[in-house]
Amino acid sequence: MAGIGFELRKLLRRDSFAGLFKAYAYAGIISSGPWVLSILGILVIGLVSAVTVQDRQITQFQVSVTYLIMLSLVLTGPIQLSFTRWVADRLFEKRQAVVAPNFIGALLMVIVGSGLLGLLAVATLFPGQTNLYRVTFAGGLVVMSGIWLATIFLSGMKQYKTIV
């Protein structure tokens, strides 16, 4: 998360408990906010659906979403690390114009890779499912992988408030 330290130092300059709290909250939201919100969303959907949906369907949904999160993070992790470092280096060199085209290229790689991985994963992890489920699972993996890459792109471009 290149550059987040500068933003946090600004918040810590206030030398108060409120400034310290804001700095920790800001760092927590930036670093783990999407994961925490995803898990809380799964929990809320499970609780709300418990009244009207069968237990088996709720469990299948929660397992599917857990696999989607896991697969998307494992797939995009190496790309996130290397792309963030690359973006930070280009910003340091004052060559911002080359960042967006490379983001599009990285996003294309992630979309193709996650689509293929999604179709392969649903065939092995969830045999016997309908074609609609398979396409939805693969599409969900593509979307989630793209979101992780876009989030890391925005952090590399120092757009922290946009991420939050």
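Numbers for the structure displayed
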item: Accessible area of TYR26 in the full protein assembly, 1.4 Å probe (Å², nearest 10); result: 40 Å²
item: Solvent-accessible area of MET109 with every protein chain in place, 1.4 Å probe, in Å² to the nearest 10; result: 130 Å²
item: For the range 43-164, fraction of C-alpha pairs farther apart than 19 Å, in %; result: 56 percent
item: Hull volume in cubic angstrom per residue (convex hull over the Cα atoms of the range 101-161); result: 79 Å³
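The values are calculated or read from the model by the stated rules, or taken from the named source; none is laboratory data. Just so it is clear, the model here is predicted, and its values are computed rather than measured. Ligands, DNA and RNA are stripped out before the accessible areas are found, and what is left, the full protein with its side chains, is counted by its heavy atoms. Shrake-Rupley method; radii C 1.70, N 1.55, O 1.52, S 1.80 Å.
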